[in-house]
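To keep things clear, I will list the structure first and then write my remarks on it.
A short reminder: the numbers here are calculations on the coordinates, not readings from a lab. Just so you know, these numbers come straight off a predicted model, no measurement behind them. Counting neighbours? That spans all protein chains shown, and the Cβs are built from the backbone with ideal geometry, glycine included.
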Amino acid sequence: MKATEEQIKSIAEDIDMGLICYLNLDTMETESIMNENSWEGTGDTDELLEEVNEKIEKWERSMAFEPLESFESFKIMEHFVADCIPEGQFYNQLSNALAYSKPFHNFKFLIDNSEYRQAWFDYKLMKLMEHVRVLLELKERRED
């Protein structure tokens, strides 16, 4: 079985929200959960976490998709600026935001208050979907 574009999009959206997404490679069922470190102090979540883990452990063939590392997210921001923003004042502002302290905060502030906000969200989702596809392809090659 192969993942559909809708499943790939769903996995990409989940990892973008900081969730770990598990995919059953036999049924293509997904289950997404917060990183175990994020569960602390959120109430009676140990039971839910244990339930999800038990379910995933029963899957014969599965794979986990984790949120990107900071350096990977940073690369996506850099590529967005290079690929989608015309040279000029806003391009320079974004480039400077990425070059100095608090690049994620500064980039978000500039993008959220610009005409490029939706373009950023679309671009980031596209790149996350590409990331998911690459991981799926690597898994398929290893299993062949």
Run the simple label-point estimate for Arg141 and Phe109 please: 7 Å along Cα→C-beta, distance reported in nm.
4.2 nm
Would you calculate, for the chain, the mean residue ellipticity at 222 nm contributed by helices, counting each DSSP H stretch of 4 or more residues as -39,500 (n - 2.57) and dividing by all residues, to the nearest 500?
-20000 deg cm²/dmol
Just subtract the alpha-carbon distance of Phe74 and Lys9 from 0.36 nm times their residue separation and send over the number in nm, one decimal.
21.4 nm
Per the charge dipole of the chain (beta-carbon charges, Lys/Arg positive, Asp/Glu negative, Cα centre), the residue among Pro103, Met17, Thr30 reaching farthest to the positive end is Pro103
Assuming R0 = 41 Å, can you tell me the calculated FRET efficiency for the pair Arg61 and Lys102, based on Cβ-Cβ distance, to the nearest 0.05?
0.50
Over 30 Å between alpha carbons, listed pairs Lys58/Lys139; Lys55/Lys75; Lys58/Lys124; Lys2/Lys108; Lys102/Lys139:
Lys55/Lys75; Lys58/Lys124; Lys2/Lys108; Lys102/Lys139
Region 91-107 versus region 60-90: alpha-carbon centroid distance in Å:
14 Å
Cut-off is 10 Å between beta-carbons; in what order do Ser32, Ser70, Ser101 appear when sorted fewest neighbours first?
Ser101, Ser70, Ser32
Could you check the spin-label model distance between Glu50 and Glu130? Points 7 Å from the Cα along Cα→Cβ, value in nm.
4.3 nm
Which of these, His79, His105, His131, has the largest mean-square fluctuation under a Gaussian network model of the chain (Cα springs below 10 Å)?
His105
Choose one answer from Lys127, Lys102, Lys75: the residue with the largest mean-square fluctuation in a GNM of the chain with alpha-carbon springs under 10 Å.
Lys102
Given Cα pairs under 8 Å that are at least 6 residues apart, what percent is the relative contact order of the chain?
26 percent
What the 10 Å binned alpha carbon P(r) of region 78-144 shows, as percent of pairs per bin from 0, is 19, 43, 20, 14, 5
